[in-house]
Structure formats: structure tokens, C-alpha cells
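So the structure is just underneath, and the comments pick up after that.
Computed from the coordinates by the stated procedures, all read-outs in this text should not be read as laboratory data. All figures in this text were calculated on a predicted structure; none of them were measured in a lab. Every residue, glycine as well, gets a Cβ built from its backbone with ideal geometry; the counts of neighbours run over all protein chains shown.
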Amino acid sequence: MTARGPDDERTESASGRYGRRRPRPGLTPDAIVRTAITLVERDGLPALTMRAVAHELGVGPMSLYRHVKDRNHLLVEMLEVVAVGLPVRAAGDTPLERLRTRLLAAHAHLTRHVWVVRVLAEGEMVARGALPFDEACLADFAAAGLGVEEASWAFLSCWQSIVGDILDAHSTGPGVDTQRRLVAQAAVPDELPHFVAALPHFIARREDPERRVTAFAWSLDRALRGLLGDVSAPDRPGRQAAGRTAPA
């Protein structure tokens, strides 16, 4: 049996049995995910790499792979953390009131996490934690009297409005806003009178966060009333025919 010196003992202590390195104390999946979220919200989605997250944590990139499979796995876990903040319960005596409250809260929540909207817009990832929000919205559309297919259309219409509004308000790429402004300002009043008249309001909506929220709420109100019709009364369970679909 070969004698071991102090250096050999230190090597085994640091590496563990069979020469495998032990995970860094305090390095957990939750710490990795929350560090990744902080990184993305500070530097943008393109900055998210395993190496960058490892640097933020003060570890080597390979240390992360003990806890997350790859960047896509990490992104999904990040989505799950944000999905917890999507509202499920909502105050209101009618389906319209509950839907309005819930959808406005979702819009506000996702506006604070624009990177999530960019990921979702690509259509390849979804968080399981978001499904209770979807279920609550669909349940209220059903309570208002829409059939299954109608409810799905109504929900997607509202969801796409949220995603589109947030993406429009947070353009990416150098010079995007400048190019938009130049094209708009070149419009000739005699040729496009309504567009030119509306232009200051387009600009104000993009540049003033409060006005943008007001405009979205106004649009959502009218969209919901158009989708649901007269829903001033409380839930109408008699109209919740689960098998009823939209007319052809």
C-alpha cells in the first residue's frame, strides 16, 4: 500500500471519491436560475450564456451542468420562476371584471420581465406554472357563456394583445425607433391625413409608460366587451355548454 502525503489528502478532500469534484457549497439550481434572471434583466437575453452565468456566480461553467442540462433547460426554469407571478385569482363579480383585472395584472407583470415575452413569442417554450393563469381565464370566458372553441379564441386574442403591446413598446436593435420616426415624419398630410393626425398620439403612447398602460386598458376593455357581449350579470352557468363551439 502506497503511503500518502498531506498533498494527497487535500486533493482527495477537494475532489471527493473517484476523482470527481464536489459541487461548490451554496451552488444550487435556484441560485443558478435567479442569477440568470438577474443577468438577463440587466444585460438582455443575448447575454445569457452558461459561461456568463458561471462568471456571475464565481464558478467554472462546467459546475453549472451538475444542476442544469443546457441553456434551454435554464431558460425554461427561468420562465417557471416568472410564471409564479401570473395572477390566478382575480376580484370581480362578473367574468368581464375578473378577466379585466387578471389580464391587466398579467400585462403589468410581464412588462417587468420583457425577456419572457421575447422567449414566448418564439413559440418554442412554455412554463407549466403559467397554466393555472390560462385555466382561470378560460374558466371566466366559459362562465360568460362562450363555448370551448370560442373561449380558446377569446383567450388567445387577449394574450396576443398583451404580447404584441409589450414587444411594440420595447423595440430591439440599434436605430429601430429612429427609423420608425423618420418614416412616420416623412408622411405627407395631403396623402395620409388620418395617419399624420394620429402620429403625435402614436409617439406619446410609445414614450409615456403611463399613457401606454392607459391605452392598453382602454383597448382591453373594448376587446372584452366585444368578445363577451352583455356580461354585466354574474356568472351564467346555464350557458356553459362545454361541447358548444363557435358557429361556422
Separation of the LEU192 and ASP134 label points, Cα + 7 Å toward Cβ, nm: 3.7 nm
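Under the 0.36 nm per residue contour assumption, what length would be gained going from the current alpha-carbon distance of LEU45 and ALA108 to full extension?
20.7 nm
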Cβ charges +1 (Lys, Arg) and -1 (Asp, Glu), total dipole of the stretch 41-99, debye: 240 debye
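Please give the length that would be gained between SER161 and GLU210 if that part of the chain were fully extended, namely 0.36 nm times their separation in residues minus their C-alpha to C-alpha distance (nm, one decimal).
Length difference between fully extended and current span is 15.9 nm.
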Extended-chain gain in nm, criterion 0.36 nm per residue less alpha-carbon gap, ASP30 and ARG222: 65.0 nm
Selection from VAL196, LEU224, VAL148, by position along the positive dipole direction of the stretch 95-235 (Cβ): VAL196
Order of MET125, MET78 under a 10 Å beta carbon neighbour criterion, fewest first: MET125, MET78
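Taking Cα pairs under 8 Å and at least six residues apart, what relative contact order does the stretch 95-235 come out at, in percent? Provide the component values of the computation, followed by the final result.
On the way: 74 pairs, mean separation 51.7, N = 141.
Worked out over the stretch 95-235, it gives 37 percent.
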